[in-house]
Amino acid sequence: MEQVESVIVISDTEGDNDGESSVFIVENSPEVLDTSKNKSTEIIDEECGLAITFSKKGNVMPHARYDCVEQDFTRTENDISGPAGNNLNFCEQCYCYICDKLASECQYWNLPSICHCNAHNKSKYWKAHRDVALTGALSIFNFNLVDIDSELRHGGGLLQKFCLELALEYNKYLMGLTTSRSSLIPCICICHSQLKMFCEMCQVNHVEIRLYSYTPVYNMVNNFLQQAEKEKPKAAAIMMIGVAKEILLHKQSPQEVFNKNDHTSTPNQAVPIFMHRITCALQRMLVLSDFPPYLFNKLKTFYKSLVLPSYCYIFTNSLNVLSWDDPFLTSILRGQNITGQRQKKGRKETLWEDFPIVQARVERMEAREEYRELVRYLRVIKCNDTLKLRALQDKVPFYFCKYGDFNSAAQSFHLNSNLSCCIACRLTPYQYKVYLKILRTGTVPAGSEISEEGRWILLEGSNLIRCCVLLKCSLRILFVNEVLYRDVYCWSRLIQIHCNYFSLENDILQMPSPGFVKSTAVLAVSVLEDLKNGIVGLPKPFSSMLHRESALILVTMAAAQMLHRNTSIMKIVLPLILAYGVRTKNIWALKLLFDSLSTKEEILHNFCAILSNNIYVHRNMIIAVVKCHDANYVSDLVTLFLSFKQTTVQSLSIPVLTVLVEGWHEFKTKESIWIESLHSFLQNKVVPAMEMVNTAQFIELRNKLNRIL
């Protein structure tokens, strides 16, 4: 029997001995040595509570580094900057707690930013890292095995591989790069430049310095996030939130110089940029992706557990996203809560969400055509970015139209928003024209954008708003929006709407009596003043048998007032004139416009000058309108000009007829009856009328007409 020196007793209950060593050493003693002589002798150590019935020379068994009896171990919670105490040293049987390899084989044993030599089983930080090493990156989320699908495993695998690569790159940043100061700031000392030697003055320019740049780490993280954005939602969420956990641990080198112009050179500048990007992406995914409840809650809980440095406190609670089945949110979407507020634990709570969350909810409800719910949500939600939220709320009238509530849409243009400014104030000319078409026809664009292009659909079962409501709404928008008020094309569309341009072909306005036109025009002046002041009631003529004709008179008088104010700065007015004759003929209303302008000679002269120029420059507009009508339209239009007493208006017939004569070949495709009718009008009405006007222009034009006739 060989001599026994010691016995090693290894505990089989790791983690349950409250910090005590899991190895107990029985030192050599005479009593133990005596047992070699008599194997049946039993020695009991009452102090240790051990009974030894047999012993031999002990061999040191493989053990974790923190259990080593040869080398002292210093326990820390999460120190990864470098070896703590004597932790760097190890014996031949020491194993790495994280890698489950011999300490001599662990490539991260004393690597700054990782330092596996400090790992032990009493630290939550190191336990989490061990779980990652054994079961992958998903272990940090505490998933049940049944919850982990192939998509989550894929994301976890990519995250685990990246974290190791990131640690190596971060370690390079911590170690820095040694270089000469002269490589950054060239030495201009004469001793160096001419004598090729260093002196005391320039010696400082040639010392070695250490540079620290976080940019390579920034680029690595940026590339990984770009990769994550291309993955499926579950994998992307795991990858992004896992990266956030890693970069929040990155600290700036104490010797590093802060460069405010380079946001990638230090962790203090780069990490907040990444956190904003990651947080916004996670917020959108929680809203747009149908994550199962366990994953939805795990992501929120994990994000809340992140330890944020002082420069990232702004992201605290940023992932507190309400699920779609949250009682507070559902009560608002169903119309049961119209205020967006509730009492919670005796305190008033308002529905408030970050803008990326609001934007994502709008996108999802648009895609699902949940326009009623979308209107209810946008009318109560509060947000950290008021201006961007207002841009989303400006589409509320459109969403009303999408489900056929045209009356509410008309009213919503003038309801105050969060910034005490109505939606009508911010409409663009294009949006205004689209809304007029929607409200007049009861049709809407097929998509979720305010666009006149593409397919439009008729909403079955919806009721069109009354003519007087459309009239008041359209004029009030112009009165509060100066950009629209000065836009000729907005007035052109408004005139077309009230000329029934978008109605059935047989739905044509009748020409009222001159007395009715005159009396209604006088009344329209006071009505327009009331509308400008917010009084929206309309007198009896606008609800009579000729209410549509009355509406056109009111619009014409409003257009005349606009021209009185803005003619001096306008460059085009032709669309305004042609609006009275596109598909329908309302020359009587056009005459009213000229009569209203003729009250001021200067205004009429400027208007006619602009119009005459427009006819020559935009001749295709004239030809297109002429092709849409019978020959009587041209006859009525030219007769209107020639019948005016003012020579400035009479002269407008010259450019119109000139365009017709020069483009006569373009009308050959029309029916022979159309050509003959126009030919007869020009020969029997226009030429004789021009015989009475002996100006050079009329004589030249008459000769051209005689040649084609």
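The values are calculated or read from the model by the stated rules, or taken from the named source; none is laboratory data. Predicted model only: the values in this text are computed from it and were never measured. Using ideal geometry, Cβ is built from the backbone for each residue, glycine included, and neighbour counts are taken over all protein chains shown.
Things worth noting here:
- Filter pass, Ile553 being farther than 18 Å from Phe644 by Cα and more than 41 Å from the chain's Cα centre (by Cα): yes
- Applying the criterion of at least 3 residues that are surrounded by 16 or more Cβ atoms within 10 Å (Cβ to Cβ) and modelled with pLDDT under 95 to the helices (runs of 4 or more DSSP H) found wholly in region 428-519 leaves 429-441, 467-480, 488-498.
- Taking the conditions (1) in a loop (DSSP other than H, G, I, E, B); (2) without any contact (Cβ under 8 Å) to a residue 24 or more places away in the chain in turn, Lys304 satisfies each one other than (1).
- Tally, over region 72-129, of residues that are part of a strand (DSSP E or B) and of a type in the set (Ser, Thr, Tyr): 1
- Residue match in region 582-593 (condition: surrounded by 18 or more Cβ atoms within 10 Å (Cβ to Cβ), over 20 Å from Arg493 (Cα atoms) and of a type outside the set (Asp, Glu)): no
- The C-beta contact set for region 366-382 (first residue under 13 Å from Gln336 (Cα atoms), second residue hydroxyl-bearing (Ser, Thr, Tyr) and part of a loop (DSSP other than H, G, I, E, B), distance under 7 angstrom, 6+ apart or interchain) comprises Arg372/Tyr403; Val380/Thr339.
- Residue within region 295-305 that is crowded, with 18+ Cβ neighbours inside 10 Å, over 30 Å from Asp79 (Cβ atoms) and of a type outside the set (Val, Ile, Thr) present: yes
- Checking each residue in region 66-107 for being closer than 17 Å to Leu168 by Cβ and modelled with pLDDT under 90 picks out Ile80, Ser81, Gly82, Ile98, Cys99, Gln107.
- Among residues of region 617-641, those that are at pLDDT 90 or above and in a helix (DSSP H, G or I), counted: 1
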